[in-house]
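Participant: Can you keep this structure in mind? I'll have questions shortly.
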Amino acid sequence: MYYLIYKPYLMLSQFSREGDKPTLADLSFPFAKDVYPVGRLDADSEGLLFLTSDKALNHRLLNPKFRHMRTYYVQVEGDLTAEACRQLSEGVTISVDGKPYDTLPARAVRIEEPPLPPRNPPIRYRAAIPTSWLSITLHEGKNRQVRKMTAAVGFPTLRLVRWSIESLTAEGMQPGDVRELTLGAVNQGLKLHR
């Protein structure tokens with residue numbers, strides 16, 4: 001079984017409960033018990049999450065040697081510069097498990113505000129501080145990597161939305177939506193040849 005969901009802001013990327021925080025179990029969809037998310041999005045991130053019962057595919061997507069591209073739309077605080085995009089594209093040093101880590105090259109470009117569903121609650125608006133949007137594509141996934149990367153170049157993340165995994169996108173989806181996929185659609189969308 002293969003599913004894409006648009007994970008809402010503040011929802012945990014898991015089915016098990018942690019206090020009163022919403023989880024994937026709160027989505028109005030009858031997932032089978034052996035379906036699990038592949039990877040995760042932090043509670044304060046939103047967007048595309050892939051779930052499956054296919055253990056071999058789960059391993060392939062989580063193993064760093066099988067790189068796959070993930071694109072994020074990121075709203076940052078400040079007027080994003082071309083220099084910051086260049087630094088993000090070349091790689092920056094962030095902290096991973098308390099140690100310096102040099103991120104791999106990425107594709108980072110400033111974009112106009114993307115056509116995303118509104119976030120609930122919305123980002124706090126401050127008239128004196130501009131915001132900008134960035135599209136960043138990575139093929140690695142360290143804990144809170146995008147947030148750490150934008151902070152490293154002086155533009156803290158305000159909103160983070162995973163838009164795509166390879167060519168599978170959140171286009172047309174709203175927070176909480178679930179889309180069931182066939183194996184053929186998964187293989188094509190994730191560019192897998194197995």
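The values are calculated or read from the model by the stated rules, or taken from the named source; none is laboratory data. Since the model is a prediction, treat every value here as computed from it, not as a measurement. Positions of Cβ are generated from backbone atoms using ideal geometry, with glycine treated the same way; all protein chains shown enter the neighbour counts.
Participant: Does Ala185 satisfy the condition of being closer than 18 Å to Ala43 by Cα, of a type in the set (A, V, I, L, M, F, W, C) and in the same structural domain as Ala43 (by TED's automatic domain parsing)? Before the answer, list the steps.
Facilitator: Details: closer than 18 Å to Ala43 by Cα: no; of a type in the set (A, V, I, L, M, F, W, C): yes; in the same structural domain as Ala43 (by TED's automatic domain parsing): yes.
When the stated conditions are applied, Ala185 does not pass them.
Participant: Residues being of a type in the set (D, E, K, R), more than 19 Å from Val161 (Cβ to Cβ) and either not in a loop (DSSP other than H, G, I, E, B) or not assigned by TED's automatic domain parsing to the domain that holds Arg110 (or both): count how many of those fall in the stretch 68-92.
Facilitator: Start the filter on the stretch 68-92 by keeping residues that are of a type in the set (D, E, K, R), which leaves 70, 77, 79, 83, 86, 90.
So of that shortlist, the ones also more than 19 Å from Val161 (Cβ to Cβ) come out as 79, 83, 86, 90.
Add one more test, that the residue is either not in a loop (DSSP other than H, G, I, E, B) or not assigned by TED's automatic domain parsing to the domain that holds Arg110 (or both), and what stays is 83, 86, 90.
Number satisfying all stated conditions: 3.
Participant: How do the pairs read when you match residues in the stretch 115-135 that are in the same structural domain as Ala151 (by TED's automatic domain parsing) and more than 24 Å from Cys85 (Cβ to Cβ) with residues anywhere that are in a loop (DSSP other than H, G, I, E, B) and of a type in the set (Ser, Thr, Tyr), using Cβ under 9 Å and keeping only pairs 6 or more apart or on different chains?
Facilitator: That search, which allows pairs on different chains as well, returns Asn120/Tyr9; Pro121/Tyr9.
Participant: Could you check the stretch 32-45 and list, in sequence order, the residues that are under 12 Å from Met1 (Cα atoms), within 21 Å of the chain's Cα centre (by Cα) and touching a residue at least 24 places away in the same chain (Cβ under 8 Å)?
Facilitator: Val35, Pro37
Participant: Another one. Return yes or no: is Tyr125 closer than 25 Å to Val38 by Cβ and of a type in the set (Ser, Thr, Tyr)?
Facilitator: On the way: closer than 25 Å to Val38 by Cβ: no; of a type in the set (Ser, Thr, Tyr): yes.
Answer is no for this residue.
Participant: I'd like to know if the stretch 170-182 contains one or more residues that are of a type in the set (Val, Ile, Thr), surrounded by 15 or more Cβ atoms within 10 Å (Cβ to Cβ) and within 14 Å of the chain's Cα centre (by Cα).
Facilitator: no
Participant: Evaluate the following for Tyr2: is it of a type outside the set (S, T, N, Q), surrounded by 19 or more Cβ atoms within 10 Å (Cβ to Cβ) and not assigned by TED's automatic domain parsing to the domain that holds Gly141?
Facilitator: In short, yes.
Participant: Quick one: in the stretch 93-150, of everything that is surrounded by 12 or more Cβ atoms within 10 Å (Cβ to Cβ) and among the small types (Gly, Ala, Ser), which residue is nearest to Arg162 (Cα to Cα)?
Facilitator: Looking at the filtered set, the residue picked out is Ser135.
Residues are listed down the side, and each one gets a yes or a no for (1) more than 24 Å from Gly189 (Cβ to Cβ); (2) modelled with pLDDT of 95 or more:
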| position | (1), (2) |
| --- | --- |
| His68 | no, no |
| Pro100 | yes, yes |
| Arg107 | no, yes |
| Pro156 | yes, yes |
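Participant: Looking only at the stretch 151-168, filter to residues that are of a type in the set (A, V, I, L, M, F, W, C) and in a loop (DSSP other than H, G, I, E, B); which one of those is surrounded by the most Cβ atoms within 10 Å (Cβ to Cβ)?
Facilitator: Checking each candidate, the answer is Phe155.
Participant: Has the stretch 50-57 got at least one residue that is small (Gly, Ala, Ser), within 13 Å of the chain's Cα centre (by Cα) and more than 18 Å from His139 (Cβ to Cβ)? Lay out the reasoning, then the answer.
Facilitator: From the stretch 50-57, those small (Gly, Ala, Ser) are 53, 56; that's our starting set.
When the remaining residues are screened for being within 13 Å of the chain's Cα centre (by Cα), the result is none.
The answer is no, given that none of the residues of the stretch 50-57 is small (Gly, Ala, Ser), within 13 Å of the chain's Cα centre (by Cα) and more than 18 Å from His139 (Cβ to Cβ).
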